[in-house]
Amino acid sequence: MRILVLGINYWPDLTGIAPFTTGRCEYLAARGHEVTVCTGVPYYPEWRIADGYRGRLWSREQRNGVTILRNWLYVPQQVTSLQRIFHEASFFALSLQRIMFRRRPDLLMVISPPLALGLTGALISRTWRIPYVFHVEDVQPDAAADLGMLANRRILKFLYAIERLSYRRAALVSTLTEAMRRRIAAKGIDDGKVKIFAPWAQPELFAVPSTRKDGLFRRRYGLEGRFIALHSGNIGVKQGLDVVLHAARHTAAQDQIVYLIVGDGAMRGRLEAQAGTMGLSNVRFMNILPSDEYLELLAAADLCLLTQQRTVSDFVFPSKVVSALAAGRPLVASANPDSEVVNVVRQADAGFVVPAEDPAALAQAVGTLCRDEALRASRGAQGRAYAHRHWNRDRILPIMEAQLLEVRGANGSGGGRRATLTAGTVPASSEL
């Protein structure tokens, strides 16, 4: 089957949507499908175009069996709502030009955000008479409205109109969790048309030692003997990381506790300045790490933090939850009680849940885990067991492939074999 994937983020971006889009594409290529991805130049989460990609309008690469078509996009220095619109619009316009004259695929898969790519999916699907799958990693209009990121009612109304069109024209709408699936279906979309393409844990995460290592990583960064409470990933608006700074002030007298904020994003500069103003010697910022060092970081951490603004509920599911639990690290979630994150932590009994934007409660949970090594070990082990059951890559990616084959089979054979697989079936052969 010839598959064209359209998404703004791809390898070598290390966080957010990119690793999962990359993993899906490379898995499908390894299964014998002809996979082409149309994407932007790498820029995330630093919001800076990576070296080697600047000044190039178009480029083409080949990696692990996947053809990668890249185009330039506008990357703002200050990420405001208006600048983000221009950023996404630039990719929408240039990517549409890039794929309009490509060879007709059997299936188009569109990754959202950006939401506007749903318009591309609808147009290309109709022009080429092929089905398209709309995969939703973030219910973007709901996020913009609930977080107050976009107050202009006319623009919000326009975004919701794009969302309706994107959902209705898609042969299948997929998303990350059951809560997100229900939210999408509640917008008037046929319940049977909305499926789950769950995130997965990289196999290497399950090999991270279950107890912390006072090894090379800690020596390299001067963290020997410290209790590390780790936030790793995007540093943006949704994360509401101010609460970590205020929790650090609550635990300032406990010299062994250090809050390590690793990553980049639109809010990092402001948070670093705020930490300096508050005189927080127990908060450290680090740049995003390559994969091997990231595993060392998890091995060195005592617990992981997941913070969200209280208005964040079930329109997003952070991948750092998957990573933390698979690595056997207890999780302290400062989040809306109705969020999927809280639901997972409670189901897994993998840590503590505290109210969103409550620094005293966050500090208390960190202090409790700092004092009780046995509790840390048991919550970490329970989280890892949950990750094994729910986010096993070898189970999740074959389910995704089966769904795509089913969509293609239901819409005509095209150039490939008509699918007879159902959602839970694992293909028995790589000859597809």
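Where a number appears in this text, it was derived from the coordinates with a stated rule and is not lab data. Keep in mind the model is a prediction, meaning the values are calculated, not measured. For neighbour counting, all protein chains shown are included, and Cβ atoms are generated from backbone atoms with ideal geometry for every residue, glycine included.
I'd like the orientation of helix 268-278 relative to the chain: the angle between its Cα long axis and the longest Cα principal axis, in ° from 0 to 90, rounded to 10.
Rounded to the nearest ten degrees, it is 10.
Give me the angle, in degrees from 0 to 90, between the Cα long axis of helix 373-390 and the longest principal axis of the Cα atoms of the chain, rounded to the nearest 10.
For 373-390 against the chain, the angle is about 10 degrees.
Can you tell me the relative contact order of segment 203-390? Whole percent, Cα pairs under 8 Å, sequence separation 6 or more.
25
When only alpha-carbon atoms are used, what values of Rg and Dmax, in angstrom, describe segment 29-166?
15.7, 46
Name the long-range amide H neighbours of SER232: under 5 Å, sequence gap of 5 or more, or other chain; modelled H, no Pro or chain starts.
Sorted by chain and number, the residues that satisfy this are VAL262, LEU305.
To check you understand DSSP bridge types, tell me what percent of the beta bridges within the chain (both residues inside) are antiparallel, rounded to 5.
10
Show me, for segment 31-36, the HN-Hα J-couplings you get by feeding each phi into the Karplus relation (A = 6.51, B = -1.76, C = 1.60, θ = phi - 60°), rounded to Hz, glycine and proline as x.
Once θ is set to phi - 60°, the couplings for segment 31-36 become 7, x, 7, 8, 10, 10 Hz.
Among SER210, ALA360, GLN239, whose Cα projects farthest towards the positive end of the dipole of segment 203-390, with charges put on the beta-carbon of Lys, Arg (+1) and Asp, Glu (-1)?
SER210
Where the centre of each part is set by its Cα atoms, how far does segment 35-88 sit from segment 333-386, in angstrom?
If we compute the Cα centre of each part, the gap is 36 Å.
Please work out which option in (i) 66, 47, 43; (ii) 64, 59, 51; (iii) 62, 51, 35 gives Cα extents along the principal axes in Å calculated from these coordinates, and answer with its label.
Label of the calculated value: (i).
Test of understanding: ordering MET400, MET100 by Cβ neighbours within 10 Å, fewest first, what list do you get? Intermediate values should be presented prior to the final figure.
Numbers: MET400 23, MET100 12.
Neighbour counts put them in this order, fewest first: MET100, MET400.
Can you tell me which lysines have their Cα less than 29 Å from the Cα of LYS238? Leave out same-chain residues fewer than eight positions away.
Within the straight-line cut-off, LYS238 pairs with LYS157, LYS187, LYS193, LYS195, LYS320.
Which loop-located GluC sites (Glu not before Pro) does segment 121-185 contain, where loop means any DSSP state but H, G, I, E or B and the Cβ has at most 14 other Cβ atoms within 10 Å?
none
Kindly provide the helix-only [θ] at 222 nm of the chain, computed as the sum of -39,500 (n - 2.57) over DSSP H runs of four or more divided by all residues, to the nearest 500 deg cm²/dmol?
-13000 deg cm²/dmol
Return the long-range amide H neighbours of MET109 (sequence gap of 5 or more, or a different chain), with a cut-off of under 5 Å between placed amide H atoms.
LEU4, VAL5, LEU6, VAL133
Relative contact order for the chain: what percent, with Cα pairs under 8 Å and sequence separation of 6 or more? Before the final figure, lay out the partial values.
Working: 850 pairs, mean separation 61.8, N = 432.
Relative contact order, the chain: 14 percent.
Report the net charge of residues surrounding GLN347, where surrounding means a beta-carbon distance below 12 angstrom and charges are Lys +1, Arg +1, Asp -1, Glu -1.
-1
Taking the Cα centre of segment 320-371 as origin, work out the dipole magnitude from +1 charges on Lys and Arg Cβ and -1 charges on Asp and Glu Cβ, in debye rounded to 20.
Rounded to the nearest 20 debye, it is 260 debye.
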